[in-house]
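Remarks on the structure that follows.
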Amino acid sequence: MSLEKTSDKLFYINLIYLFISKMVNYILPFFILIYLISTIGIENYGKLSFSQATVYYFQLLCEFGFAFSGTKQIVDYSNDLKKKSEIISSIYTATSYLIGLSSVLLLVLILFVETFQNNQLEILFFFIGSIFFILTPLWYYQGVQRVKQITAVNVLSKFLLAIGVVFLVTIKSDYLYYPITYAFCNFIPFCYANYIMLKKDKITLSLAPLKSIVKQMKYSKDFFVGTLASGAFYSNITLLLGFFTSDTIVGVYSAAEKLIRALATISSPIAQALFPNVSEKSKINIAKATNFSFRVGFVSSLVVGILSLLSFFLVPILVDRIPFLGRQFGDSMMIFRLMCLFPAVDTFMHTFCSQQLITFNMKKWYSFSYIVGLCFNALIGVILIKEFQLTGAGLVLFLTELLMCIIMMFFILKRMKKLKINFKLKS
């Protein structure tokens, strides 16, 4: 069997595992969402969403884009155990320092900003849970293309969270048990994933010298800018709603956003499986790698677009027909419909645009696209959310993603023209 066919076979195997993982990630969080809102109310759910959005900024700082740069380096040195140990050690050491810095910054916010003081316990437990998540090396398993471990970790954590929520959150005042359960359920996968990596894969961890940490962070800085901006798009909107509106409106928006992101992240397993595969293909033939990525991105966007269109009509009708759901999600359906344009654009951006900028070694333009998107998101977010609240939030999300997709395609087409690569839908 040729190297290319072996690579394609591994891509499809990984894709199947990731789809299993994502199906669990859709069903269980949706169940948790319904259960939480019906048990603790939309206002308390809004408080939890605000706290989680706050912590997410610090999570992005601690991750520093290592999920991308670490995966790429593991792919490059997949057969070199010593080098893999050095890469993982430098990432873990850098991450530990960033966790320390984030802890100090978060403490300052809680001490001096009233909005954060009012949610200090929720923020604390969500932050503890995020530390376990950050130190769970899913990027390592993605790099060695052993997605079975990623699937096991994701399924385990989601099942534990669902079980914990049902047993612990039984009345309105129990809402604090959700972030506590979240922290515990991230701890178990953290132990499992690191045990496999250290004991079975024989990875050796050590305290990396400052020179290695600086080198690793320089290599990751463009990925960091991209992931920070990408994550901030969602968190910005939630935080702005928290400052300009009420906990109830934050809860309504968060419920709709979770539903729409479930649609958008259908492509997530494709992007995860595609990244190491395209990196390998590009070493052999960059034109074939580009067109393979384009075909996957095009078909994925088309499928997600059709599902979004069906969801636009069917989901609100389904919610309205079921009395229980109608009471909890009725107000979220308007904003859900407004955001139904978002998933198809998001899918194409992550399965093709982002992948190609990295494959073409255009990291600075990758980060530039996200910086422009983040600035646009923050500026227009303040204006539209303050004026139109929920409607403004939906518009901000879609317009930001569309602008970024256009910018990325501009740079990709420019590089393709230079390399004399043409798009081909057929292999």
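The table below lists the values:
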quantity: Leading residue by the ranking (farthest from ILE20 (Cα to Cα)) among those in the range 142-154 that are assigned to a helix (DSSP H, G or I) and over 16 Å from the mean Cα position of the chain (by Cα); calculated: GLY143
quantity: Residue in the range 322-330 that is at pLDDT 70 or above and either within 30 Å of PHE223 (Cβ to Cβ) or surrounded by 17 or more Cβ atoms within 10 Å (Cβ to Cβ) (or both) present; calculated: no
quantity: Residue in the range 63-78 that is surrounded by the fewest Cβ atoms within 10 Å (Cβ to Cβ), counting only those that are touching a Phe, Trp or Tyr at 6+ places or on another chain (Cβ under 9 Å) and either of a type in the set (Asp, Glu) or within 16 Å of SER96 (Cα to Cα) (or both); calculated: GLY65
quantity: Residue list for the range 397-413, filter: closer than 14 Å to PHE368 by Cβ and modelled with pLDDT under 85; calculated: ILE412
quantity: The range 201-238, residues that are of a type in the set (Phe, Trp, Tyr) and over 15 Å from the mean Cα position of the chain (by Cα); calculated: TYR219
quantity: Single residue of PHE275, PHE243 found to be among the aromatic types (Phe, Trp, Tyr) and modelled with pLDDT of 75 or more; calculated: PHE243
quantity: Condition met for VAL214 (crowded, with 23+ Cβ neighbours inside 10 Å and either in a helix (DSSP H, G or I) or at pLDDT 75 or above (or both)); calculated: no
quantity: Residue within the range 218-234 that is touching a residue at least 24 places away in the same chain (Cβ under 8 Å), touching a helix residue (DSSP H, G or I) at 6+ places or on another chain (Cβ under 7 Å), hydrophobic (A, V, I, L, M, F, W, C) and not in a helix (DSSP H, G or I) present; calculated: no
quantity: Given (1) part of a helix (DSSP H, G or I); (2) touching a residue at least 24 places away in the same chain (Cβ under 8 Å); (3) more than 22 Å from GLY394 (Cβ to Cβ), index of the condition TYR253 fails; calculated: (3)
quantity: Total residues in the range 390-411, condition over 23 Å from the mean Cα position of the chain (by Cα) and crowded, with 19+ Cβ neighbours inside 10 Å; calculated: 1
quantity: Verdict on SER206 being outside any helix (DSSP H, G or I) and of a type in the set (Ser, Thr, Tyr); calculated: yes
quantity: Identity of the residue in the range 123-180, small (Gly, Ala, Ser) and under 20 Å from SER96 (Cα atoms), that ends up surrounded by the most Cβ atoms within 10 Å (Cβ to Cβ); calculated: GLY129
quantity: Search result, residues across the range 372-420 that are free of Cβ contacts under 8 Å to residues at least 24 places away in the same chain, of a type in the set (Phe, Trp, Tyr) and either under 30 Å from PHE298 (Cβ atoms) or in contact with a Gly (Cβ under 6 Å, 6 or more places away or on another chain) (or both); calculated: PHE410
quantity: All positions within the range 99-141 that are modelled with pLDDT of 90 or more, within 24 Å of SER85 (Cα to Cα) and either in a helix (DSSP H, G or I) or basic (Lys, Arg) (or both); calculated: ILE99, GLY100, SER130, ILE131, PHE132, PHE133, ILE134
quantity: Residue match in the range 47-61 (condition: in contact with a Phe, Trp or Tyr (Cβ under 9 Å, 6 or more places away or on another chain), under 28 Å from ILE203 (Cα atoms), hydrophobic (A, V, I, L, M, F, W, C) and not in a helix (DSSP H, G or I)); calculated: no
quantity: Residue that is nearest to PHE125 (Cα to Cα), among those in the range 70-80 that are in contact with a Ser or Thr (Cβ under 9 Å, 6 or more places away or on another chain) and at pLDDT below 85; calculated: THR71
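The values are calculated or read from the model by the stated rules, or taken from the named source; none is laboratory data. Keep in mind that what you see is a predicted model, and the values were worked out from it rather than measured. Cβ coordinates were reconstructed from backbone atoms using ideal geometry, including for glycine residues, and neighbour counts include every protein chain displayed.
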